[in-house]
Each structure stands twice: as structure tokens, then as C-alpha cells.
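Engineer: Okay, handing you the structure first.
Quick note: the coordinates plus some simple rules give every number you see, no bench work behind them. Small disclaimer: the values here were computed from a predicted structure and weren't measured. Positions of Cβ are generated from backbone atoms using ideal geometry, with glycine treated the same way; all protein chains shown enter the neighbour counts.
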Amino acid sequence: MTGAEHALRFVEDGHVVGLGTGHAATAFVRVLAERVRAGLRVAGVPTSEATARLARELGIPLVSLAERPVVDVAVDGADEVDPGLDLVKGWGGALLREKIVADAARRFVVLVGPEKLVSTLGSRGKLPVEVVPFGAAVCGARLERLGLRPALRGGDATPFVTDSGNWIYDCAVDPIADAGWLDAALRAIPGVVATGLFLGMADVVVIDSDGRIETRVREGR
């Protein structure tokens, strides 16, 4: 059994399912589509245009958050997971939409391989921050003042544009001593619309080590 197949255990008939972006999420969309073809009734809320296209191609019905603002379960990957199940996400570029869907979900299930497990967030050296283009220069300067060494994804000449029309700074970071403080400091910068710190959001983390599945559940969930 794969991690994606294991995540199907959290999906019930009639559920609204948040569909993440990236390799792990794509694997889940594919196995979910197999269940849909077998008769499972769900509606998907995609976190990116790429995921939306794949879901449509595979026959998964889609709805918007305007139509169904409460998501029963969201399934996505992560770039880092610490022992408390806090996350770094956004390396794939769907940062803001992923955070909105995860926040709207009654249960947020994260699929990772063991290489994504870290002792401290920031250990893999990159923290994405999504910003409004109008204020990007100001945001970049403020990020530098916080010591984060930001680099505009795609470069100054051809910045990467998210599906929400924003830009992303990839901040070179050392292991983060106080993720809560940093997240609050970043969100206080006018023009920052989302940070890659997903703190207190994951309910379940499914770790797939070459088919050996380990499940970790946040305390109190």
C-alpha cells in the first residue's frame, strides 16, 4: 500500500475533498479517481490549476469554495514536517491556495516520504513567502531585514507567477528557532499574503517509506 492509498481511508462517500499540488498530491488524485470510477461520490476542491486539470481529466467532479466553503478532508504533501507536525510548504508554488484549502478542512492529511522529516523547520534551507507584485520590492527589503536572504523565484526579469497572480520569494534560512514568531513577523509585512509555515494545521501525517506506512496524529485531534 502506498501513502496515497492509505489516505483514502479518510475519505467517505459524499465528502468534499481538498486536492493538493505536487508529486504526493498527484498520486492521491490518481487513486481517488480510481475510487470515483468505482462509484465513490466526492467533490474535489483543487489547490492549483494543474491539479484542477488533472482531476477533470480523470473524472473527479470539482466544486469551488464559494459553493462548498467547508472541506471534509484535504490531502496534500509537504516540504518539511517537524516532530510536532508543523510544516513548511510552498516549494511547488501553490502556497496561498494550499493554505486556504487546508484551513477550510475539518481534517488535513499530509503525505510525505521520510526525507521530508526534520528535527526543526527550516532544516532543508528554504522558506517560500508569497507576496503581492505591487509591493514585492518593499517585501523583499523587509525580508532581508529579518535576515531571511530572499530570492525572487524565477528571477527579477521573469518572476514566477502563482495561480493567484502573486510572486514568491524563496528565503534561504537556517533552522528556525521560533517558527511562531517568524510566521507572525512575516504576516505583519504589508504585501505578504501567505508564508510557507503551516503551523498547527496538519491533523495527520502519513509517511511512506517504500511502502511501509507510518501514521502520526497531532495530539488532541
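Engineer: Output the antiparallel fraction of DSSP beta bridges having both residues in the chain, as a percent to the nearest 5. Don't jump to the answer; show the numbers that get you there.
Structural biologist: On the way: 22 of 41 bridges.
Within the chain, antiparallel bridges account for around 55 percent of the total.
Engineer: Would you work out if segment 12-54 is rounded, prolate or oblate? Take a ≥ b ≥ c from the square roots of the eigenvalues of the alpha-carbon gyration tensor; rounded if a/c is under 1.5, else prolate when a/b is larger than b/c, oblate otherwise.
Structural biologist: Because a/c hits 1.5 or more and a/b exceeds b/c, segment 12-54 counts as prolate.
Engineer: Now, a different point. Hey, quick one: spin label on residue 9, modelled 7 Å out along Cα-Cβ, who in segment 188-208 has an amide N within reach, i.e. under 17 Å?
Structural biologist: So the set is 203-208.
Engineer: Which of the aspartates and glutamates could be linked to residue 126 by a straight reach, that is with a Cα gap under 18 Å, when you skip same-chain ones fewer than 8 residues away?
Structural biologist: Once the sequence-local aspartates and glutamates are set aside, what remains near residue 126 is 79, 80, 82, 86, 98, 115, 144, 170, 174, 178, 183.
Engineer: For the chain, state the semi-axes of the equivalent ellipsoid (square roots of 5 times the eigenvalues of the alpha-carbon gyration tensor), sorted largest first and rounded to whole angstrom.
Structural biologist: Numbers: eigenvalues 172, 80, 41 Å².
Square roots of five times the eigenvalues give 29, 20, 14 Å.
Engineer: Here's another thing I want to ask about it. With the contact rule set at Cα under 8 Å and sequence spacing of 6 or more, what percent relative contact order holds for the chain? The partial results should precede the final answer.
Structural biologist: Details: 476 pairs, mean separation 50.7, N = 221.
Answer for the chain is 23 percent.
Engineer: Measure out, as a whole number of angstrom, how far apart the alpha-carbon centroids of segment 3-48 and segment 56-129 sit.
Structural biologist: Centre-to-centre distance over Cα atoms comes out at 14 Å.
Engineer: Shifting gears a bit: Based on the Cβ-Cβ distance from residue 26 to residue 172, what FRET efficiency comes out when R0 is 35 Å, to the nearest 0.05? Write out the running numbers ahead of the final one.
Structural biologist: Details: r = 27 Å, r/R0 = 0.78.
According to the calculation, E is roughly 0.80.
Engineer: Full extension from residue 57 to residue 181: what is 0.36 nm times the residue separation minus their Cα-Cα distance, to one decimal in nm? Write down the numbers at each step before the final one.
Structural biologist: Numbers: separation 124, 0.36 × 124 = 44.64 nm, distance 4.18 nm.
Computed gain between residue 57 and residue 181 is 40.5 nm.
Engineer: Here's something else I'd like to know. What number do you get for segment 70-164 when its Cα radius of gyration is normalised by 2.2 N^0.38 Å, N = residues? Intermediate values should be presented prior to the final figure.
Structural biologist: Details: Rg = 14.7 Å, N = 95, 2.2 N^0.38 = 12.4 Å.
Normalised Rg, Cα atoms only: 1.18.
Engineer: Separate question: Each label point is 7 Å from the Cα along the Cα-to-Cβ direction; what then is the distance between the points at residue 49 and residue 158, in nm?
Structural biologist: 1.6 nm
Engineer: Related question: Could you check the simple spin-label distance between residue 151 and residue 41, using points 7 Å along Cα→Cβ, in nm with one decimal?
Structural biologist: Result for the modelled spin labels: 5.0 nm.
Engineer: Pick out which of 78, 184, 202 has the largest mean-square fluctuation in a Gaussian network model of the chain, springs linking Cα atoms closer than 10 Å.
Structural biologist: 184
Engineer: Given all pairs of different Cα atoms, what value in angstroms does the Kirkwood hydrodynamic radius of segment 126-198 take?
Structural biologist: Values: mean 1/r = 0.0829 Å⁻¹.
It is 12.1 Å.
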